[in-house]
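Throughout, read-outs are computed from the coordinates displayed, never taken from laboratory work. Keep in mind that this is a model prediction, so the values were computed, not measured. Don't worry about glycine lacking a Cβ; one is built from the backbone with ideal geometry, like all the others, and counts go over all protein chains shown.
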Amino acid sequence: MSFIRTAVANGVGEIILDRPKALNALDQSMIDDMYRTLGEWGDDDAIDTVLVTSASEKAFCAGGDIRAIRDSALAGDTEAITRYFHSEYRLDQLVADYPKPYVALIDGAAMGGGLGISVHGEIRVVTEKALIAMPETAIGFFPDIGSTYFLPRLPEGVGMWLGLTGARIRGIDAVAVGLATHFVASADLPDVADLIRSGAPLADALSRSGTEETSDVPLRKIGEYFSDDNIAAIVGGLRGAVGDEWAAEMVGLIENASPTSLWVTAAMITAGAQSTLDECFDRELHAAERITMTGDFAEGVRAVLVDKDRNPAFEPDAIDAVDPAVVAAIVGEA
Ligand code: QUE
């Protein structure tokens, strides 16, 4: 019983994510199977192109197996946690370094770990059904999967905005900020997928990409409010924008998050701006091992995914009450 299926034809190797009941959240077996398959195909002369798709109507991939990680943390099984994140980041790194065209078709939710197996690849096709986010601060975690490398390389403030607030953006917005490379109407995606599967040149298969739609991501405001590495200053600026509905909405998202996670996220994205992708993965592994042992992680996952009351009791519960030494211990040497 496996949650990924594969198909090979016409020089195209396809990986189909097939764990629909969990919105294709990546468990240890999916990560292991995908890593092994990509490794084999990388060396296989019969494979020219890799295509990654989803068997779920709703999701490309909702993230990692956060519930299992919480169980391991509560059981004190640090080895399982290290194994999970080490293998997940190794998979993301393989996607980043992949020697052949790697194409992800995102026609639903792609969050957290779902971006790790897509954004690092060469081609990310999105539709109007795509919903993209890095929602980890709400569960007492932080944006990982190599995002501390790519978030600070998005337009001014966008990475900090996405990472701190967990804001969900649409497919066209993901193209506008650089997380996705092509937009295709969802109704046309099966034809595009079939063209790719037929071995057609990718430029031909993607020649019908594009849309009249435009992104409404407020880049000017994001640059204004999120170009800071200090979370208290960012929230202060947003709170000062009296009468600005968007700013108030962003304050609401931030207030929903773990204060410790917010500080860790700001520090990780700031450090990532000056780091190689390798260094970002090393720093993320260090931070993931530590933050998963905190009460905020167990509580955040409980509130969002286990009990689903969406009412976590984070400790401390205010941004200005977070101990910088705790943040430094999680982030480690920059
Ligand atoms: C933050 C996350 C995740 C999340 C929600 C967050 C995450 C994840 C899931 C998820 C969603 C639906 C499922 C499932 C997992 O939600 O990583 O199994 O059915 O996998 O706020 O990081």
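In terms of the Cα gyration tensor, with a ≥ b ≥ c the square roots of its eigenvalues, is the range 205-298 rounded because a/c is under 1.5, prolate because a/b exceeds b/c, or oblate? Display every interim value, and only then the final one.
Working: a/c = 1.96, a/b = 1.15, b/c = 1.71.
It is oblate, given that a/c is not under 1.5 and a/b is not larger than b/c.
For a straight C-alpha distance cut-off of 14 angstrom, the aspartates and glutamates reachable from LYS58 (same-chain residues fewer than eight places away being disregarded) are ASP18, ASP107, GLU128.
Tell me what the chain gives for mean residue ellipticity at 222 nm when only DSSP H runs of n ≥ 4 count, each as -39,500 (n - 2.57), the sum divided by the residue total, rounded to 500 deg cm²/dmol.
My calculation for the chain gives -13000 deg cm²/dmol from helical runs alone.
Principal axis extents of the Cα atoms in the range 110-163, from largest to smallest and rounded to whole angstrom, are 28, 23, 18.
When Rg and the Kirkwood Rh are both derived from Cα coordinates, the Rg/Rh ratio for the range 243-334 amounts to 1.01.
Pair-distance distribution of the range 138-266: all C-alpha pairs, bin width 5 Å, starting at 0; shares per bin in whole percent are 2, 10, 18, 19, 15, 12, 9, 7, 6, 3, 1, 0.
Please grab the % of Cα pairs in the range 182-225 that end up more than 17 Å from each other. Intermediate results must be reported in sequence, preceding the final value.
On the way: 443 of 946 pairs.
The share of Cα pairs beyond 17 Å in the range 182-225 comes to 47 percent.
Near the amide H of LEU26, within less than 5 Å, lie the amide hydrogens of GLY63, GLY64, ASP65, all on another chain or at least 5 residues away, with H placed in the peptide plane. Relative contact order of the chain: 17 percent, from C-alpha pairs under 8 Å at least 6 residues apart in sequence. Working from Cα pairs under 8 Å separated by at least six residues, relative contact order for the range 177-334 is 20 percent.
For the peptides 85-94, 313-322, 111-120, 43-52, the ranking by packing is 111-120, 85-94, 43-52, 313-322, with the highest mean count of neighbouring Cβ atoms within 10 Å listed first. With N the number of residues in the chain, Rg(Cα) / (2.2 N^0.38 Å) evaluates to 0.97.
Ranked by the mean number of other Cβ atoms within 10 Å per residue, highest first, peptides 168-177, 124-133 order as 124-133, 168-177. Distance from the Cα centre of the range 54-74 to that of the range 271-323, in angstrom? Spelled out, the Cα-based centre of one part sits 16 Å from the other.
At a Förster radius of 51 Å, what calculated FRET efficiency corresponds to the Cβ-Cβ distance of ARG208 and ASN230, to the nearest 0.05? Don't jump to the answer; show the numbers that get you there.
Working: r = 45 Å, r/R0 = 0.88.
The formula returns an efficiency of 0.70 here.
Here the peptides 100-109, 12-21 are ranked by packing, the mean other Cβ count within 10 Å, and the order with the highest first is 100-109, 12-21. Averaging the sequence gap over all C-alpha pairs within less than 8 Å and six or more residues apart, then dividing by the number of residues, gives the range 71-190 a relative contact order of 25 percent.
At 7 Å along the Cα-to-beta-carbon direction for both ALA68 and MET293, put a label point, then send me their distance in nm to one decimal. Between ALA68 and MET293, the simple spin-label model gives 2.2 nm. Computed on the Cα trace of the range 1-101, the radius of gyration divided by the Kirkwood hydrodynamic radius gives Rg/Rh = 1.00.
Between the range 196-268 and the range 171-186, the C-alpha centres lie 14 angstrom from each other.
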